[in-house]
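One structure is given here, and the rest of the page talks about it.
Quick note: the coordinates plus some simple rules give every number you see, no bench work behind them. None of these values were measured; they are calculated from a predicted model. For neighbour counting, all protein chains shown are included, and Cβ atoms are generated from backbone atoms with ideal geometry for every residue, glycine included.
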Amino acid sequence: MSLQLLGLDEIQGSLVALDHVKNVSNEEMVSILLNNGSRRKGRVVEIEGERAIIQVFEGTDGLGKTNTKTKLLGHPMVLGVSKEILGRTFNGVGDPIDNLGPVYINKYEDVNGKPLNPVSREYPRNYINTGISAIDGLNTLIRGQKLPIFSGSGLPHDKLASQIVRQASLTGQDAENFCIVFGAMGVKNDVADTFRRSFEETGVMDKVCMFINLSDDPILERIMTPRCALTAAEYLAYECDMNVLVILTDMTAYCEAVREFSSSKGEIPSRKGFPGYMYSDLASLYERAGIVKGGKGSVTQIPILTMPNDDITHPVPDLTGYITEGQIVLDRDLYLNNINPPIGILSSLSRLMKDGIGEGYTRADHQDVANQLFACYAKVQDARSLASVIGEDELSPLDKQYIAFGKRFESIFLGQGYRVNRSMKETLGLGWALLSLLPKEALDRLDPKIIEANYDSEHAEHTIQLIIKGEE
């Protein structure tokens with residue numbers, strides 16, 4: 001039974017207060033009826049004795065203290081879900097905004113999710129193909145993993161997110177039961193339209209569910225956007241047996257909304273003004289990724305965040321790094337050299353990669369090729385540092401070969417562009433062709449038998465040109 005109250009005791013910013021309220025719960029939803037007959041959503045954010053503090057989603061403009069009616073709904077925020085949400089676009093609180101009419105609802109789920117017993121979790125195996133060599137070959141995304149992308153202001157993380165949505169796929173019999181939930185927080189109208197057009201033009205919209213919170217939307221809606229997206233993903237994964245990839249951008253905008261909300265409640269700030277519970281708040285989102293034992297579905301997360309001033313020690317990337325299983329870091333120097341997507345592989349890491357690649361998953365030599373490419377690219381950086389001191393002409397013949405290898409590696413392997421979709425076979429084949437440009441003695445991370453089976457210096461250049469020609 002829901003309770004309806006007449007009048008408000010206090011209005012401050014986006015918060016309203018009700019006194020003498022009994023039997024109210026924290027995070028309980030409320031419906032606020034204005035004099036003109038319109039309704040607004042609200043949520044109980046704090047309880048002090050018989051005083052309830054309510055955050056109004058759409059703001060408090062137009063609310064009056066005397067005639068406003070507040071109805072306590074008796075439940076936390078819920079999201080109506082069914083398989084029909086695929087192909088649809090919603091705002092941050094789950095209302096359709098694509099002018100396609102209402103969505104058939106099978107059931108309502110609490111957006112805060114249900115805690116997953118660690119014992120019931122299954123260890124992530126197998127990989128998700130993104131079609132991007134720097135990720136698939138060197139920082140493989142494993143099904144059930146949470147792998148963030150660390151970007152910076154002005155870097156093309158939106159283009160990378162669109163590319164992953166367009167190209168992500170599974171192999172084998174699971175390919176059909178794959179979908180994507182895309183959550184955007186604090187994005188501009190033109191960015192949101194770009195995402196929509198990109199998905200519709202490439203024909204992937206039918207397997208995508210979008211939750212869009214615009215930059216001028218309420219901050220409380222921004223805080224609820226990733227929760228709604230993850231609730232939809234959990235339903236599709238655990239009740240519809242689908243493998244779901246969740247992409248959340250931009251988590252920095254989300255954290256800034258939490259900071260603003262915390263400040264409005266008068267909470268004591270912590271580092272950089274963020275609340276002290278920022279870590280546990282992020283964990284409540286990121287830990288909703290995973291696989292349940294005995295289940296056929298999975299939830300994989302790629303949260304994207306921008307690092308203010310490219311500072312990886314900023315609280316948002318810092319706390320995210322403690323919770324997640326690696327990171328993909330975008331490199332500004334690569335971007336300035338027109339290497340796209342500008343993924344800095346030496347700063348990036350996928351901690352679960354070793355358990356989802358190799359024989360039975362990708363290819364037996366995958367880990368060996370990745371290790372050797374990392375080692376050779378690290379030596380490229382050493383050779384470049386030395387050349388900046390003594391000049392490139394004074395380098396040894398091997399160091400000059402490393403410099404040449406580095407240019408080809410960056411322009412071809414890393415810089416594949418945003419429209420090229422490479423298979424795992426093409427990625428590993430290109431890796432071997434690039435390694436074959438170096439002398440055998442330089443491949444010190446590979447077993448001689450593996451080198452003998454795959455090294456081909458005579459046809460390396462021809463193989464590279466064939467791959468490039470096929471991508472044009």
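Given 10 °C and 1.306 mPa s, compute D for region 12-150 with the Stokes-Einstein relation, Rh being the Kirkwood radius over Cα pairs; round to the nearest whole µm²/s.
Estimated via Stokes-Einstein, D reaches 84 µm²/s.
With an 8 Å Cα cut-off and a minimum separation of 6 or more residues, compute the relative contact order for region 4-72 in percent. Numbers along the way, then the final one.
Details: 154 pairs, mean separation 30.3, N = 69.
With pairs under 8 Å counted, the relative contact order is 44 percent.
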Hydrodynamic radius by Kirkwood, which averages 1/r over all alpha carbon pairs of region 319-384, in angstrom:
13.6 Å
Residue by residue through region 31-36, what is 3J(HN,Hα) from phi via Karplus (6.51 cos²θ - 1.76 cosθ + 1.60, θ = phi - 60°)? Round to whole Hz and write x for glycine and proline.
10, 10, 9, 8, 4, 7
Measuring from centroid to centroid over Cα atoms, what is the spacing of region 409-424 and region 18-61 in Å?
51 Å
Taking the chain and counting helices only, DSSP H stretches of n ≥ 4 at -39,500 (n - 2.57) each over all residues, the nearest-500 ellipticity at 222 nm comes to -10000 deg cm²/dmol
Quick one: helix 251-264 against the long Cα principal axis of the chain, what's the angle to the nearest 10°, folded into 0 to 90?
30 degrees
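What order, most packed first, do the peptides 226-239, 441-454, 300-313 have when packing is the mean number of other Cβ atoms within 10 Å of each residue?
Working: 226-239: 25.6, 441-454: 13.7, 300-313: 19.6.
Top of the packing list down: 226-239, 300-313, 441-454.
For the chain, which semi-axes, largest first and in whole Å, follow from the square roots of 5 times the eigenvalues of its Cα gyration tensor? Intermediate values should be presented prior to the final figure.
On the way: eigenvalues 458, 107, 70 Å².
Equivalent ellipsoid of the chain: 48, 23, 19 Å, largest first.
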Under Karplus coefficients 6.51, -1.76 and 1.60, residue-wise ³J(HN,Hα) of region 300-310 in Hz, glycine/proline x
10, 10, 10, x, 10, 9, 9, 8, x, 6, 6
Here the percent of antiparallel bridges among DSSP beta bridges lying wholly in the chain, to the nearest 5, is 55 percent
Which listed residue (S348, G429, S411) has the Cα farthest towards the positive end of the charge dipole for region 333-472, taking +1 on Lys and Arg C-beta and -1 on Asp and Glu C-beta about the Cα centre?
S348
Placed amide H near L8: partners under 5 Å, 5+ positions off or other chain
T66, T68
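Evaluate the relative contact order of the chain (contact order divided by residue number), counting alpha-carbon pairs under 8 angstrom at least 6 apart; express in whole percent. Walk me through the numbers on the way to the answer.
Details: 915 pairs, mean separation 73.0, N = 472.
Computed over the chain, the figure is 15 percent.
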Alpha-carbon centroid distance for the pair region 216-271 / region 83-112, whole angstrom
16 Å
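Please state the relative contact order of region 365-469 as a whole percent: Cα pairs under 8 Å, 6+ residues apart? Mind showing how you got there, number by number?
Working: 75 pairs, mean separation 33.9, N = 105.
This gives 32 percent for region 365-469.
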What are the extents of the Cα atoms of region 78-355 along their three principal axes, listed from largest to smallest and rounded to whole Å?
45, 43, 42
Please list 3J(HN,Hα) in residue order for region 407-417, calculated via the Karplus relation 6.51 cos²θ - 1.76 cosθ + 1.60 where θ = phi - 60°; whole Hz, with x for glycine and proline.
5, 5, 4, 5, 6, 9, 6, 6, x, 7, x
Residues meeting the amide H criterion for V45 (H placed from the backbone, H to H distance under 5 Å, 5 or more places apart or on another chain) are E27, I53, I54, Q55
What is the Cα coordinate range of region 365-469 on the first, second and third principal axes, sorted by size from largest, in whole angstrom?
40, 35, 24
Cα pairs beyond 26 Å in region 158-317, in percent, come to 30 percent
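Sort 172-181, 61-70 by the packing proxy (mean of other Cβ within 10 Å over each peptide's residues), most packed first.
Values: 172-181: 16.5, 61-70: 13.9.
The packing order, highest mean first, is 172-181, 61-70.
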For the chain, the longest principal axis of the Cα atoms and the Cα long axis of helix 460-471 enclose an angle in degrees, to the nearest 10, of 40 degrees
Once you charge only the Cβ atoms, +1 for Lys and Arg and -1 for Asp and Glu, what is the size of the charge dipole of the chain about its Cα centre, to the nearest 20 debye?
980 debye
Once you charge only the Cβ atoms, +1 for Lys and Arg and -1 for Asp and Glu, what is the size of the charge dipole of region 20-159 about its Cα centre, to the nearest 20 debye?
220 debye
